[in-house]
Amino acid sequence: MKPYIMPFLLVLSLLGGLLSSLADVQSLGLTESDLNALVEYLLIIFIFVVSVEVGASLTRGTISSLGKDTLLLTASTISGSLAAGLAASLLPGVGLKLSLATSLGMGWYTLTGPLVAASLGTLAGAVAFFSNFIRELFTFFAYPLLKGRLGARNSIALGGATTMDTTLTVVAAAAGRETAALSFMHGALVSILVPLLVSLALALVP
């Protein structure tokens, strides 16, 4: 798939969602919750199909060789997120605890938002939620465009924890099955570490 196809499809999907919101969907017997459920089911099916395709193409040797790459890429993702959090803390009104906890969410907004909200309040939780949501959304558009300059494997770090599910699809489409396998393993390891890292940032950072 060409690098520009996925951003085009995303824009097309957003336009389709906008048109459906403007249309009288109630006349079709559908509610907003029905549409949300439909989108969720379609996403699950899409991720399942991509995952099966990636898994079917792997051999034991390929999985073994990806182990070291997964560890190195995960370390790079965490280091980059820490650096971004430290840089964001220099902005006016942004504390170190909030910036680090948010950046270490690494795209997992449904977890990071509530964790930060429980510790620092609703507003801080909203900041953490939307910051990580934007990271996921940015990956959809940026990965196909940046993989040529940064490298297909290095660019996986953009997606953080999301590279095992939602953004796995864009990696598979833009870079192929073997890179998608690395993306899945990287996302799985990052997802294991995110709850610990965010909790540590909230508990230890003054």
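Just so you know, all these numbers are worked out from the coordinates, no wet-lab data involved. The shown structure was predicted, so the numbers you read here are calculated from the model rather than taken from an experiment.
Here are the numbers for this structure:
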quantity: Base-10 log of normalised Debye intensity for segment 102-150 (one unit scatterer per alpha-carbon) at q = 0.28 Å⁻¹; calculated: -0.88
quantity: Gained length - R177 relative to F138, 0.36 nm times residue gap less alpha-carbon distance; calculated: 11.9 nm
quantity: All-pairs Cα distance distribution in segment 84-206, expressed in whole percent, bin size 10 Å; calculated: 15, 44, 29, 12, 0
